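Chemist: Structure in structure tokens, see below.
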Amino acid sequence: MKEVAILGAGYAGLRALHELQKKAAGEFRITLVDRNAYHYEATDLHEVAAGTQPKEKITYDIKDVVNPKVTTFIQDEVVKINPDTKEVELKNNKPVRYDYLIIGLGFRSETFGIPGAEENALEMVNIDSAVKIYEHIQDAMAKYKETKDKKYLKLVVCGAGFTGIELVGSLVEAKKGYAKLAGVTPDEIEIYCVEAAPTILPMFNDELTNYCLKQLDKWNVHLMTGCAIKGIKPEHVVYANGDVEKELEAATIIWTTGVSGSFVMGESGFDERRGRVVVNEDLTAPGHDDIYIIGDVAAVMDKESNRPYPTTAQIALKMGEYTAKHLVNRIKGQSTPGFVFKSAGSVASIGNTHAFGMVGKTGVKGYPASFIKKMIMNKSLYETGGVKEVMAKGRFDLYH
Ligand code: NAD
């Protein structure tokens, strides 16, 4: 029986596992490796970081997806992949041998080498770092109570991409709670979002962008576009506005300027850029048809734009599904057409009851968009985690 190793239980890896177990339980022995015992919904990390949801709401046990008759789960850190010996080196366990490998090792924060960003800004890439952000904010509020220093009431989000905007929305929603901790009114908590580009959300039309801008304005968010961050000093964001370099003092600085794929890709000798490998049409690695690379460590070229598709949960899930199908067909000696991605659109939430985005070719905004966003989240939970996870972690607070 063929050995399949799946590295990473994020959206891509776990969906591949789910589909492989369903489609071909008798064909493979599977080993799944992840550093955590739980899967987390990476798209919802901002809620844990802001403290609007507990971490339990966006995580579930990997074992809930694993069929122990087919799959062995190893909780460990992947150090390196050796394509020549077909082995995966782990930090604490003996190497895992494979006939087919599925790499879905996910993303890390990208600082673009900006000085001090790693040391002095808080990253938001996993459950631990999101929890740390919330603890940091709570701590800052307590410090304000002691010192009355206004820097403790200031929160800066670096980067106004989808992640930054969604985080800002959750911070706004959590303001009341922060104010209580600090003994101030919610208006005294100041939220900044610093963005290098002159405008935000270039993928959306004016109507949607204006909706977002209007909401941010209504909530008194200081959106600083055209401000490229040059460095982060302790409790200070250094940015350039035109030719002028300025500093913004704040006790809480959160880094959301973009992501890269796992360091393991470079460590393992793959031809990568920022941790992403341009894959073949069947999602295999160039020169290694026994290795599939999926999710945020993969770059799939969009033939229309001649650029890689953006890394999203949506494409990661589709890649996971495709890989399982491809592998099953392969074992049966059948061919599979190349991976084709058709985006279903993207919807960004700003807080629990506001959202905006595109569903197919239709723009949506406001409460209906928020409803759609929750349905998208529930669908994704159901398709990988099943009824149990959607009942426990689904979003049914639709009439907020
Ligand atoms: P991103 O790359 O999309 O956005 C990062 C932002 O930071 C950009 O606007 C960029 O101009 C800005 N930036 C970069 N360097 C800067 C600097 N030095 N100073 C100031 N600003 C700087 O990254 P992201 O928001 O983390 O998103 C990553 C991927 O995940 C994207 O493909 C995104 O579409 C996807 N995503 C989707 C959703 C959703 O569908 N709801 C939510 C979150 C993320």
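Chemist: If ARG276 satisfies every condition in (1) open to solvent by 20 Å² or more (accessible area, probe 1.4 Å); (2) in contact (Cβ under 8 Å) with a residue 40 or more places away in the chain but one, which is the exception?
Modeler: (2)
Chemist: In addition: Can you find, within the stretch 361-382, the residue that is nearest to LEU317 (Cα to Cα) among those that are more than 14 Å from the ligand (Cβ to nearest atom) and more than 18 Å from the chain's Cα centre (by Cα)?
Modeler: TYR382
Chemist: Can you tell me which of (1) assigned by TED's automatic domain parsing to the domain that holds LEU101; (2) under 17 Å from TYR60 (Cα atoms) is the one TYR382 doesn't meet?
Modeler: So TYR382 meets the others, but not (1).
Chemist: Would you call ALA130 away from the ligand (no atom under 15 Å from the Cβ) and either part of a loop (DSSP other than H, G, I, E, B) or of a type in the set (A, V, I, L, M, F, W, C) (or both)?
Modeler: Values: away from the ligand (no atom under 15 Å from the Cβ): no; either part of a loop (DSSP other than H, G, I, E, B) or of a type in the set (A, V, I, L, M, F, W, C) (or both): yes.
Spelling it out, it is not the case that ALA130 is away from the ligand (no atom under 15 Å from the Cβ) and either part of a loop (DSSP other than H, G, I, E, B) or of a type in the set (A, V, I, L, M, F, W, C) (or both).
Chemist: Return yes when LEU223 is open to solvent by 20 Å² or more (accessible area, probe 1.4 Å), within 14 Å of the ligand (Cβ to nearest atom) and either of a type in the set (A, V, I, L, M) or touching a strand residue (DSSP E or B) at 6+ places or on another chain (Cβ under 8 Å) (or both) and no when it is not. Talk me through it step by step, then tell me what you get.
Modeler: Values: open to solvent by 20 Å² or more (accessible area, probe 1.4 Å): yes; within 14 Å of the ligand (Cβ to nearest atom): yes; either of a type in the set (A, V, I, L, M) or touching a strand residue (DSSP E or B) at 6+ places or on another chain (Cβ under 8 Å) (or both): yes.
Taking the combined requirement at face value, the residue satisfies it.
Chemist: Within the bounds of the stretch 171-180, is there any residue that is small (Gly, Ala, Ser), assigned by TED's automatic domain parsing to the domain that holds THR225 and within 16 Å of the ligand (Cβ to nearest atom)?
Modeler: Going through the stretch 171-180, the residues small (Gly, Ala, Ser) turn out to be 174, 177, 179.
Those still in the list that are assigned by TED's automatic domain parsing to the domain that holds THR225 too: 174, 177, 179.
Then keep just the ones that are within 16 Å of the ligand (Cβ to nearest atom); that gives none.
Checked the stretch 171-180: no residue is small (Gly, Ala, Ser), assigned by TED's automatic domain parsing to the domain that holds THR225 and within 16 Å of the ligand (Cβ to nearest atom).
Chemist: With ASP61, ASP34, ASP44, ASP76 as the choices, which residue is of a type in the set (D, E, K, R), without any contact (Cβ under 8 Å) to a residue 60 or more places away in the chain, out of contact with any Ser or Thr (no Cβ under 6 Å at 6 or more places or on another chain) and closer than 28 Å to ILE350 by Cα?
Modeler: ASP61
Chemist: Is there a residue being in contact with a helix residue (DSSP H, G or I) (Cβ under 6 Å, 6 or more places away or on another chain), away from the ligand (no atom under 12 Å from the Cβ) and assigned to a strand (DSSP E or B) anywhere in the stretch 141-153?
Modeler: No: zero hits.
Chemist: Considering each of THR256, THR252 in turn, give the residue that is polar (S, T, N, Q), open to solvent by less than 10 Å² (accessible area, probe 1.4 Å) and within 23 Å of the chain's Cα centre (by Cα). So that I can check it myself, show each step before the final result.
Modeler: On the way: THR256 fails: open to solvent by less than 10 Å² (accessible area, probe 1.4 Å).
Sole residue among the options that is polar (S, T, N, Q), open to solvent by less than 10 Å² (accessible area, probe 1.4 Å) and within 23 Å of the chain's Cα centre (by Cα): THR252.
Chemist: Would you confirm whether any residue within the stretch 272-285 is in contact with an Asp or Glu (Cβ under 6 Å, 6 or more places away or on another chain) and not small (Gly, Ala, Ser)?
Modeler: Among the residues of the stretch 272-285, not one is in contact with an Asp or Glu (Cβ under 6 Å, 6 or more places away or on another chain) and not small (Gly, Ala, Ser), which makes the answer no.
Chemist: Also: Being in a helix (DSSP H, G or I) and over 14 Å from GLY366 (Cβ atoms) is the filter; apply it to the stretch 185-208 and report the residue that is nearest to the ligand (Cβ to nearest atom).
Modeler: ASP206
Chemist: Next up: Does at least one position in the stretch 182-191 carry a residue that is in contact with a helix residue (DSSP H, G or I) (Cβ under 7 Å, 6 or more places away or on another chain), among the hydroxyl-bearing types (Ser, Thr, Tyr), closer than 28 Å to THR147 by Cβ and open to solvent by 20 Å² or more (accessible area, probe 1.4 Å)?
Modeler: Yes, the stretch 182-191 contains a residue that is in contact with a helix residue (DSSP H, G or I) (Cβ under 7 Å, 6 or more places away or on another chain), among the hydroxyl-bearing types (Ser, Thr, Tyr), closer than 28 Å to THR147 by Cβ and open to solvent by 20 Å² or more (accessible area, probe 1.4 Å).
Chemist: For the list (1) away from the ligand (no atom under 16 Å from the Cβ); (2) surrounded by fewer than 18 Cβ atoms within 10 Å (Cβ to Cβ); (3) assigned to a helix (DSSP H, G or I), I need the number of the one condition that THR85 fails.
Modeler: (3)
Chemist: Exactly one condition in (1) among the charged types (D, E, K, R); (2) within 14 Å of the ligand (Cβ to nearest atom); (3) at pLDDT 90 or above is not met by LYS325; state its number.
Modeler: (2)
Chemist: Which residues, counting only those in the stretch 360-376, are touching a residue at least 60 places away in the same chain (Cβ under 8 Å) and touching a helix residue (DSSP H, G or I) at 6+ places or on another chain (Cβ under 7 Å)?
Modeler: GLY363, LYS365
Chemist: Among the strands (runs of 3 or more DSSP E) confined wholly to the stretch 1-51, which include 1 or more residues that are modelled with pLDDT of 95 or more and of a type in the set (Val, Ile, Thr)?
Modeler: Working: elements: 2-7, 28-34, 38-40.
So the answer is 2-7, 28-34.
Chemist: Return only the number of the condition from (1) aliphatic (A, V, I, L, M); (2) in contact with a helix residue (DSSP H, G or I) (Cβ under 7 Å, 6 or more places away or on another chain); (3) crowded, with 17+ Cβ neighbours inside 10 Å that ALA285 does not satisfy.
Modeler: With (1) aliphatic (A, V, I, L, M); (2) in contact with a helix residue (DSSP H, G or I) (Cβ under 7 Å, 6 or more places away or on another chain); (3) crowded, with 17+ Cβ neighbours inside 10 Å applied to ALA285, the lone miss is (2).
The values are calculated or read from the model by the stated rules, or taken from the named source; none is laboratory data. Only a predicted model underlies this, so the values are computations on that prediction, with no experimental measurement involved. Every residue, glycine among them, receives a Cβ derived from its backbone with ideal geometry; neighbour counts consider all protein chains shown. SASA here: full protein model, heavy atoms, side chains in, ligands and nucleic acids out. Shrake-Rupley method; radii C 1.70, N 1.55, O 1.52, S 1.80 Å.
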